[in-house]
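Encoded as structure tokens, the structure appears first; notes follow it.
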């Protein structure tokens, strides 16, 4: 019974660390990639880091690229993926805002 509680606690701790890591990765990527002039909130930072981490993690696994294991490696992948997503987002043409009278 104690073994199960320990596993659950480790899972919860890793889950919380992954969420904080994704939010920080998205925020750092938005600071590094300043060409997009948007005020992004923590939810957007989270999704940038999360989707970016999944994207770069898949690339690393598909092409069997050796990379750092652990929290640091995951964080670097999250930041890299978030920067790539911001770059792709910056390539999308933006509609001109017209003033309505």
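Once the Cβ-Cβ distance between residue 34 and residue 72 is put in as r, and R0 is 22 Å, what FRET efficiency do you end up with, to the nearest 0.05?
Efficiency for this residue pair is about 0.35.
Which of 84, 16, 54 comes first, and how do the rest follow, when ranked by fewest Cβ neighbours within 10 Å?
The most exposed by this proxy come first: 16, 54, 84.
On full extension of the chain, what length is gained from residue 65 through residue 88, given 0.36 nm per residue of separation minus the C-alpha to C-alpha distance?
This chain segment gains 6.0 nm when fully extended.
Order of 80, 6 from fewest to most other C-beta atoms within 10 Å?
Listed from fewest to most nearby Cβ atoms, that is 6, 80.
Tell me, rounded to the nearest percent, the portion of alpha carbon pairs in the range 2-87 spaced more than 23 Å apart.
Counting every Cα pair in the range 2-87, those more than 23 Å apart make up 28 percent.
Along Cα→Cβ, 7 Å out, is where each label goes; now give me the distance between the ones at residue 9 and residue 43 in nm to one decimal.
Placing both labels 7 Å beyond Cα along the Cβ direction yields 3.4 nm.
FYI, it's all coordinate maths here, none of it is from the lab. None of these values were measured; they are calculated from a predicted model. With ideal geometry, Cβ positions are generated from the backbone for all residues, glycine too; neighbour counts draw on all protein chains shown.
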